[in-house]
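Inspection log for the structure reproduced underneath, given as structure tokens.
The values are calculated or read from the model by the stated rules, or taken from the named source; none is laboratory data. From a predicted model like this one, the values you see are computed outputs, not experimental measurements. Cβ: placed from backbone, ideal geometry, glycine included. Neighbour counts: every protein chain shown.
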Amino acid sequence: MNITIIISSLTLGLTFFACSNSQTKNNLAEKDSSSLEKKVARKDVKLKVTIDTLYKLLDKSKQLDTFEFSNWEPFLFIKTGNFLSQTKKNAILVSCPNDSTYSVELYTELANYWKKNDEIELLDAFPVQFDLDFEDYNFDGQIDIYLQISVSNGYALSRGHLLTIDPKTKKIQTHPETRALSNMRTDPMSKTVISEDVMWSDEYGFQGVCDLKNKWVEGKLKIVKRECPSKNPKGYQ
């Protein structure tokens with residue numbers, strides 16, 4: 001029977017192993033996760049969660065259609081399944097090597113083993129507002145990754161890292177130019193990425209929301225048009 005496992009918010013006092021354990025990463029098939037599985041099944045048992053836990057769960061997830069696990073401290077996240085492709089099973093691992101940056105690893109399942117496609121580090125992190133979205137942001141037929149860093153109060157503006165994936169090599173490409181864009185959504189018909197910006201007046205406060213149309217130019221998103229409400233009260237900045 002296929003099983004979906006979601007485990008979240010485990011509060012544990014732990015040792016966070018560094019992400020540079022290459023032997024652990026490159027020999028996932030040799031790991032024995034049976035003891036871990038038994039502990040996960042027993043809710044009354046506290047788990048010792050470290051970075052090594054992600055690789056044990058990654059190995060175990062080969063038996064499942066979908067799998068998801070998250071832990072707050074230390075921050076660890078794993079998701080497996082067909083979220084990047086309908087024909088290939090993928091896995092994404094996110095961890096915090098330190099208090100302020102994320103490490104992201106991307107895998108594809110091939111012949112019952114996990115092949116690492118790419119790994120990127122030193123992405124600004126804020127785990128309290130961590131979230132992931134999967135969409136084809138650059139319209140090349142490959143689902144990409146949006147990793148949220150923050151959401152503002154009031155009118156919610158989500159900002160984060162846009163990570164596009166090369167359809168052939170499956171390598172990750174970062175897009176620092178999108179860090180200032182908020183609430184990104186795609187318009188496949190016009191092949192534009194729409195983002196939002198709040199109109200604000202010192203005198204009148206919140207005035208409305210502008211839509212910013214962004215086009216891909218030489219692999220980067222550039223603002224090509226800004227559409228705001230036509231009537232702006234005096235004092236709009």
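What the table shows:
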item	result
Strands (runs of 3 or more DSSP E) fully within segment 81-180 counting 1 or more residues that are touching a strand residue (DSSP E or B) at 6+ places or on another chain (Cβ under 6 Å) and more than 29 Å from residue 198 (Cβ to Cβ)	90-95, 101-110, 113-124, 158-165, 172-174
Some residue of segment 227-236 being modelled with pLDDT under 95, in contact with a Phe, Trp or Tyr (Cβ under 9 Å, 6 or more places away or on another chain), surrounded by fewer than 16 Cβ atoms within 10 Å (Cβ to Cβ) and aromatic (Phe, Trp, Tyr)	no
Condition check for residue 151: farther than 29 Å from residue 189 by Cα and of a type in the set (Val, Ile, Thr)	no
Residue ID - nearest to residue 85 (Cα to Cα), chosen from residues in segment 177-193 that are loosely packed, with under 12 Cβ neighbours inside 10 Å and among the aliphatic types (A, V, I, L, M)	189
Qualifying positions in segment 153-176 - loosely packed, with under 13 Cβ neighbours inside 10 Å and small (Gly, Ala, Ser)	154, 156
Residue that is surrounded by the most Cβ atoms within 10 Å (Cβ to Cβ), among those in segment 138-152 that are more than 9 Å from the chain's Cα centre (by Cα) and within 25 Å of residue 100 (Cβ to Cβ)	144
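Let's see how each residue does on (1) of a type in the set (D, E, K, R); (2) buried (at least 19 other Cβ atoms within 10 Å of the Cβ); (3) more than 14 Å from residue 173 (Cα to Cα):
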{"residue": "87", "(1), (2), (3)": "no, no, yes"}
{"residue": "93", "(1), (2), (3)": "no, yes, yes"}
{"residue": "106", "(1), (2), (3)": "no, yes, no"}
{"residue": "116", "(1), (2), (3)": "yes, no, yes"}
